[in-house]
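Report on one structure; see the data block that follows.
The values are calculated or read from the model by the stated rules, or taken from the named source; none is laboratory data. Because the structure is a prediction, the values reported are computed rather than measured. Heads up, the Cβs are rebuilt from the backbone with ideal geometry, glycines too, and the neighbour counts pull from every protein chain shown.
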Ligand SMILES: Nc1ncnc2c1ncn2[C@@H]1O[C@H](COP(=O)(O)OP(=O)(O)O)[C@@H](O)[C@H]1O
Ligand SMILES: [Mg+2]
């Protein structure tokens with residue numbers, strides 16, 4: 001039988017029982033609409049959740065390096081710059097910002113207040129959403145080595161409750177010296193992101209802080225993965241870069257220790273090598289946040305999957321039922337067609353075509369109904385309305401599969417009828 | 001005359017629960033090319049069974065059915081379907097038309113399975129309807145036609161793929177005597193055009209229009225005789 005004949009025959013048969021055909025189509029419409037709506041709603045809700053979790057710094061990877069044996073400030077600066085570049089080149093990593101932290105204090109009349117100083121580069125600003133200077137500016141490239149400061153919102157409020165901080169000089173007691181910092185900006189209040197309290201810091205140029213405190217401190221790097229899904233992969237890539245780098249540094253240090261560290265540094269290097277089994281670096285991701293995120297996506301997917309499966313199953317059973325009834329009703333027709341030369345596969349295809357027409361019609365209508373209800377849902381739920389191409393294809397493809405799957409048994413049964421028996425059927 | 005269909009020691013059992021019923025008990029019969037044969041006999045004697053075997057709708061339990069010398073046992077189910085489609089035309093007592101199709105669409109049905117191009121079907125169907133004198137009713141549905149007209153549509157359908165063998169099982173059984181006579185005359189004239197015709201009937205005056213009569217009784221050929229002089 002030609003494809004055109006199959007389609008014509010299927011449509012004619014369905015037209016003969018319009019109500020019945022409409023009800024079978026409705027079963028599929030409901031199934032597919034449920035799938036499409038759920039996919040769309042979950043996509044919307046997931047997008048919203050993703051944005052929220054991303055705000056929590058899920059993409060952030062914290063790298064601590066402990067250069068126990070590196071002595072000179074110049075060596076520390078070189079290491080920092082080199083390592084930053086190498087880490088930034090790692091796969092799945094979009095941004096690396098070196099930071100250094102130091103504690104200081106400032107005297108307010110008779111009292112003294114402790115301060116957390118964070119040495120950062122200008123890129124620090126790009127690690128967080130909606131983190132920008134409310135007044136003045138953030139640290140620029142040209143500020144390297146300059147004694148300037150940008151205040152977190154809480155610090156600004158505490159130190160300058162009445163005045164505009166920008167342009168003021170803040171004298172900080174730091175590493176046994178009194179250092180005057182000129183305030184050039186105040187950041188917007190951003191609160192806590194992950195484990196970072198952005199509002200409590202005094203931000204200064206990294207090179208300035210390294211110059212003031214010397215190089216004994218470990219250095220921290222904050223890296224950002226390209227997206228929430230690749231955090232673990234980015235962390236692994238970073239570990240790889242660190243391992244390679246430190247193997248090279250260690251090898252070189254062992255070959256010509258004095259060239260690398262100087263006399264005293266060499267002793268310290270070997271002492272560290274003997275006494276410390278600890279890794280010279282650590283890489284930390286926000287596991288809890290990642291797990292929460294992945295868990296919610298899993299749950300959503302599971303809900304989606306069950307709804308899809310159940311509703312399509314119900315629709316499919318409806319199709320099978322209708323097709324079985326149809327085969328019995330048309331036993332004589334099958335006999336007639338066989339008598340005039342229909343092969344088994346012609347009969348089978350005829351009934352499959354009917355099931356397929358029902359399911360595709362239901363699939364397309366269901367797609368429309370599903371999108372409509374997803375759109376309404378997004379209005380009520382206040383999440384973004386997300387239309388995806390692939391769920392649409394999946395839904396229509398799935399309904400076709402349901403048609404073929406559940407139509408197959410009745411169709412094969414029809415095709416196996418004995419022509420003479422079928423002709424005698426009353 | 002070369003035999004078009006030949007039955008050799010054909011036995012046909014129908015399963016009846018645990019046992020089976022033997023409807024044909026060893027029939028030898030040959031139908032020559034261009035012959036007009038009537039099969040007659042009492043109800044339940046196995047006439048329809050015999051016709052179904054000749055028409056490749058059934059396979060024998062024992063014995064052989066040969067069509068143009070080809071043993072049908074060697075053909076697959078699909079090959080039997082193709083044989084029915086191309087070389088055999090059936091006409092049934094109950095007409096067996098599809099109610100939702102018009103006359104010409106019913107006639108076109110065998111062409112659907114012969115994969116005749118849709119554009120060519122209509123013309124051929126109308127020609128077949130013209131042959132049986134029903135040109136004016138091409139767009140009528142079966143329920144808008146009399147019994148005799150419905151049987152003519154069924155004959156047109158049997159003719160449309162230009163088969164070698166025309167098989168008719170009690171084609172006048174549901175018709176009044178006069179209409180039945182007309183249908184029989186149609187078969188006589190189709191035979192006159194060179195077609196092989198086998199007609200089953202328990203009415204002697206219809207069987208008498210054939211060239212040869214085979215009388216069945218209890219699944220065996222009881223008697224064969226010449227008719228029409
Ligand atoms: N499908 C069947 N199952 C069981 N018995 C059948 C079947 N078809 C025919 N028979 C039996 O076989 C015998 C011959 O039937 P049939 O060939 O139809 O005879 P006829 O056409 O001469 O009346 C009858 O007794 C009938 O009851
Ligand atoms: Mg009979």
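Among the residues of region B:48-57, is any in contact with a strand residue (DSSP E or B) (Cβ under 9 Å, 6 or more places away or on another chain), on the phi > 0 side of the Ramachandran plot and within 13 Å of ligand 1 (Cβ to nearest atom)?
At the first step, the residues of region B:48-57 found to be in contact with a strand residue (DSSP E or B) (Cβ under 9 Å, 6 or more places away or on another chain) are B:48-57.
If we keep only those that are on the phi > 0 side of the Ramachandran plot as well, we get B:56.
Those still in the list that are within 13 Å of ligand 1 (Cβ to nearest atom) too: none.
Within region B:48-57, not a single residue is in contact with a strand residue (DSSP E or B) (Cβ under 9 Å, 6 or more places away or on another chain), on the phi > 0 side of the Ramachandran plot and within 13 Å of ligand 1 (Cβ to nearest atom).
Would you confirm whether any residue within region A:356-370 is more than 14 Å from chain B (Cβ to nearest Cβ), farther than 28 Å from residue B:76 by Cα and not in a helix (DSSP H, G or I)?
No, region A:356-370 contains no residue that is more than 14 Å from chain B (Cβ to nearest Cβ), farther than 28 Å from residue B:76 by Cα and not in a helix (DSSP H, G or I).
Have a look at B:136, B:120 and point out the one that is more than 21 Å from the chain's Cα centre (by Cα), part of a helix (DSSP H, G or I), surrounded by fewer than 15 Cβ atoms within 10 Å (Cβ to Cβ) and within 13 Å of chain A (Cβ to nearest Cβ).
B:120
Which one of A:170, A:162 is closer than 13 Å to residue A:117 by Cβ and more than 37 Å from the chain's Cα centre (by Cα)?
Working: A:162 fails: closer than 13 Å to residue A:117 by Cβ.
Being closer than 13 Å to residue A:117 by Cβ and more than 37 Å from the chain's Cα centre (by Cα) holds for just one of A:170, A:162, which is A:170.
Assuming residue A:126 fulfils every condition listed in (1) touching a strand residue (DSSP E or B) at 6+ places or on another chain (Cβ under 7 Å); (2) at pLDDT below 90; (3) over 22 Å from residue A:224 (Cβ atoms); (4) surrounded by fewer than 16 Cβ atoms within 10 Å (Cβ to Cβ) apart from one, which condition is it?
Of everything listed in (1) touching a strand residue (DSSP E or B) at 6+ places or on another chain (Cβ under 7 Å); (2) at pLDDT below 90; (3) over 22 Å from residue A:224 (Cβ atoms); (4) surrounded by fewer than 16 Cβ atoms within 10 Å (Cβ to Cβ), residue A:126 misses just condition (3).
Going by what's in this entry, would residue B:125 be described as under 20 Å from residue B:156 (Cα atoms) and outside any loop (DSSP other than H, G, I, E, B)?
Criteria met by residue B:125.
Scan region B:21-38 and give yes if some residue there is within 15 Å of ligand 2 (Cβ to nearest atom), over 21 Å from residue B:171 (Cα atoms) and surrounded by fewer than 17 Cβ atoms within 10 Å (Cβ to Cβ), otherwise no.
Taking every residue of region B:21-38 in turn, at least one turns out to be within 15 Å of ligand 2 (Cβ to nearest atom), over 21 Å from residue B:171 (Cα atoms) and surrounded by fewer than 17 Cβ atoms within 10 Å (Cβ to Cβ).
Being within 11 Å of chain B (Cβ to nearest Cβ), assigned to a helix (DSSP H, G or I) and touching a residue at least 60 places away in the same chain (Cβ under 8 Å) is the filter here, so list the residues in region A:1-19 that pass it.
Of everything in region A:1-19, those that are within 11 Å of chain B (Cβ to nearest Cβ), assigned to a helix (DSSP H, G or I) and touching a residue at least 60 places away in the same chain (Cβ under 8 Å) turn out to be A:6, A:9, A:13.
From the list A:155, A:166, pick out the single residue that is touching a strand residue (DSSP E or B) at 6+ places or on another chain (Cβ under 9 Å), assigned to a helix (DSSP H, G or I) and surrounded by 15 or more Cβ atoms within 10 Å (Cβ to Cβ).
Criteria check complete, one pass: A:155.
Going by what's in this entry, would residue A:199 be described as under 33 Å from the mean Cα position of the chain (by Cα), surrounded by 14 or more Cβ atoms within 10 Å (Cβ to Cβ), modelled with pLDDT under 90 and outside any loop (DSSP other than H, G, I, E, B)?
For residue A:199, the condition - under 33 Å from the mean Cα position of the chain (by Cα), surrounded by 14 or more Cβ atoms within 10 Å (Cβ to Cβ), modelled with pLDDT under 90 and outside any loop (DSSP other than H, G, I, E, B) - is met.
Looking at B:17, B:44, which one is surrounded by fewer than 24 Cβ atoms within 10 Å (Cβ to Cβ), within 14 Å of ligand 2 (Cβ to nearest atom) and over 20 Å from residue B:77 (Cα atoms)?
Working: B:17 fails: within 14 Å of ligand 2 (Cβ to nearest atom).
Being surrounded by fewer than 24 Cβ atoms within 10 Å (Cβ to Cβ), within 14 Å of ligand 2 (Cβ to nearest atom) and over 20 Å from residue B:77 (Cα atoms) holds for just one of B:17, B:44, which is B:44.
Would you pick out the residues in region B:79-100 that are at pLDDT 95 or above and more than 15 Å from residue A:424 (Cα to Cα)?
B:79, B:80, B:81, B:82, B:83, B:84, B:85, B:86, B:87, B:88, B:89
If a residue has to be out of contact with any helix residue (DSSP H, G or I) (no Cβ under 6 Å at 6 or more places or on another chain), closer than 20 Å to residue A:409 by Cβ and facing another protein chain (nearest Cβ under 8 Å) to count, how many in region A:328-345 make the cut?
Going through region A:328-345 one residue at a time, the tally reaches 3.
Listed here are the residues, each with its yes/no results for (1) within 14 Å of chain A (Cβ to nearest Cβ); (2) within 19 Å of the chain's Cα centre (by Cα); (3) within 16 Å of ligand 2 (Cβ to nearest atom).
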{"position": "B:53", "(1), (2), (3)": "yes, yes, yes"}
{"position": "B:85", "(1), (2), (3)": "yes, yes, no"}
{"position": "B:93", "(1), (2), (3)": "yes, yes, yes"}
{"position": "B:101", "(1), (2), (3)": "yes, no, no"}
{"position": "B:111", "(1), (2), (3)": "yes, yes, no"}
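Within the group B:68, B:33, B:6, B:74, which residue is away from ligand 1 (no atom under 16 Å from the Cβ) and on the phi > 0 side of the Ramachandran plot?
None of the others qualify; the one that does is B:68.
Do we find that residue A:383 is surrounded by fewer than 23 Cβ atoms within 10 Å (Cβ to Cβ) and assigned to a loop (DSSP other than H, G, I, E, B) in this structure?
Numbers: surrounded by fewer than 23 Cβ atoms within 10 Å (Cβ to Cβ): yes; assigned to a loop (DSSP other than H, G, I, E, B): yes.
The answer is yes for residue A:383.
Quick one: in region B:150-178, which of the residues that are out of contact with any strand residue (DSSP E or B) (no Cβ under 8 Å at 6 or more places or on another chain) and over 14 Å from residue B:106 (Cβ atoms) is nearest to ligand 2 (Cβ to nearest atom)?
Looking at residues that are out of contact with any strand residue (DSSP E or B) (no Cβ under 8 Å at 6 or more places or on another chain) and over 14 Å from residue B:106 (Cβ atoms), I get B:173.
Of these, B:158, B:168, which one is at pLDDT 95 or above, under 30 Å from residue B:25 (Cβ atoms), within 16 Å of ligand 1 (Cβ to nearest atom) and within 14 Å of chain A (Cβ to nearest Cβ)?
B:168
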